[in-house]
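In what follows, a structure is listed as C-alpha cells, so that the remarks can point back to it.
The values are calculated or read from the model by the stated rules, or taken from the named source; none is laboratory data. Computed from a predicted model, the values in this text were never measured in an experiment. Cβ placement follows ideal geometry from the backbone for every residue including glycine, while neighbour counts extend to all protein chains displayed. We work out accessible area using only protein heavy atoms, side chains counted, and drop any ligands, DNA or RNA first. Shrake-Rupley method; radii C 1.70, N 1.55, O 1.52, S 1.80 Å.
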Amino acid sequence: MTWTCPVCHADNSSGWSFCKECGFDRSCDYEGYPTLAASLPAGARPVSALAAAWQQKLVPGALLCPDCGNAAFYYSSQLGQLICTRCRRAVTLSGKAQVRRDRPSAKTPSVALQRGASITCGAENVAAVKVDGTCVAAGNNRSGQCRVEGWKDLIAVAAGAEHTVGLRSDGTVVATGSNWSGQCGVSDWAGITAIAAGRWHTAGLKADGTVVAAGGNAGKRCNVGKWTDIIAVAAGGNHTVGLRADHTVVAEGENGFYGQCNVSGWHDIAAIAAGACHTVGLRTNGTVIASGSNGSGQCNVEKWTGIIAVAAGEYHTVGLKSDGTVVAVGSNVSGQCNVKSWRNIVAVAAGAGHTVGLRADGTMVAVGENQSGQCNVKKWRGIALPAANPMHR
C-alpha cells in the first residue's frame, strides 16, 4: 500500500512517516509539542526532516531553509507552499522539493536549530525581534540600551545589565548601550549563529561550534576560546555557559562562592539559562536541574515536569510548559513570579525583577518591577515566534 504526499505528490510506501522526496511528515503531530503547533496557522501541516533523519536513513537528505538553515516547515494548502517556521520564508514546490538539500555537519548537527531568542530581558529593560526583522525595546535607557530603532534583518536579541545585542540574518552582530567593559565590541564578529548577553559581557556562538566573547573578563568568564562542539550559549552575571552537541554542559567564570559553574556532571541537557549567580539546565525529558545561588529559592526546580524552555533572572527562574503555561520560582518581591494565569505562551525571558512571555499570536505579557517601564509591552504586535525548540531534536 502506498500513500501520496500532499506536498510534492510523490508515492511512498506505507511504512514511511517521511516522504522520500520532500520530507513531509505525515504524522502531523509536530513531534508531540503543542506549543509549536499553536504558533502556526490553523490547518497547517508539519514538514520535518531534522538532522536525525540522516542517522535513521529515513530520507535521502535533510531539508533546510535556504535563508536561515531551519529544518522545520509547515505546508500551507491555501498558498500551496512550504513556510519556514522560523523566518517564514515561502518555498513554492513543483515536483520534487526545491529547497536546499545539505547534509548537516556531523560536528555541529544542531547549530541550525539554535539561532537564539526573539525576546530578552536586561536588568531593567526588555527587547524583542519583530517578524519584519526590526527590534523594539522598553525600559531603562540610561546607557542607550534601548536604542534599537535602526536595527534591521534581526533573527535574535539578547540583553545584559545595560547593553543589548542583536544577531542579524547574515551572522553579524550589532550592539548598543554601555560599553565600559567592551561588551559591545562585536562589530567584527561574523558567522555567528546565536548570542547571549551577561551583566558586562557578550558571548557569540559560531557556525563551527566554537564561541567568542567580548567584555569584562572578571572570573575568566570570557575564557571560552577553547570550547568546541557547542550548540547553545548563555551568559549570567559573571559566568558563561555552553551546551555541547552531546548534551553535556561547560561553564567558565566566577564559581567559588555559589557554584554556578558546577555543571560538569550534567547530561541529557536540551537548553540552558544563566542568571546572576545560578545556572539552569533543561533536560531532554522535560525536567530541570539548577546549580548556584539559591538564597531566594531560584534553584528549586527539581519538581518541574513537562518543561520545554527555561529562563533565569537575577534571583528567579522561569519555566515554559508544553501546554503553553508558565511556572516560576525564586524571589517574588516585585511580582516577577506571578505567571500562573498566563496561557498560550511560546517563549519566556527573565530580568532582574521582571518576567515577560511571548504569546502564540505574537503579542506579549509581562509582570514584575516596572519602575523603568520594562513591562510596557502590552501594545507590541508582530513579535517573531521563537526558533525551532531544542526539545524537537
If a/c stays under 1.5 just call it rounded; otherwise compare a/b with b/c (prolate if a/b is bigger, oblate if not). Do that for the stretch 220-320, with a ≥ b ≥ c from the square roots of the Cα gyration tensor eigenvalues. oblate
Distant-in-sequence amide H partners of V288 (H built 1.01 Å from N, under 5 Å): R283, W304
Rounded to the nearest 20 Debye, what is the dipole magnitude of the stretch 230-312 about its Cα centre when Lys and Arg each give +1 and Asp and Glu each give -1 at the C-beta? 140 debye
Would you mind listing how long the stretch 198-273 runs along its three principal axes, going by Cα atoms, in whole Å with the largest first? 28, 26, 18
Positive-pole candidate from A251, Q336, A270, dipole of the stretch 243-347, charges at beta carbon: Q336
Percentage relative contact order, the stretch 169-305, counting C-alpha pairs under 8 Å, at least six apart: 14 percent
Let me make sure I get this right: for the stretch 115-257, a, b and c are the square roots of the gyration tensor eigenvalues over alpha carbons, sorted descending. Under 1.5 in a/c it's rounded, otherwise prolate if a/b > b/c, else oblate. Which is it? oblate
Rounded, prolate or oblate (a/c below 1.5 giving rounded, otherwise prolate when a/b exceeds b/c) for the stretch 223-266 by Cα gyration tensor: prolate
Computed over the stretch 267-384, protein heavy atoms only, probe 1.4 angstrom, the accessible area per residue in square angstrom equals 37 Å²
What part of the accessible area of the stretch 186-311, given as a whole %, is carbon or sulfur when the probe is 1.4 angstrom? 46 percent
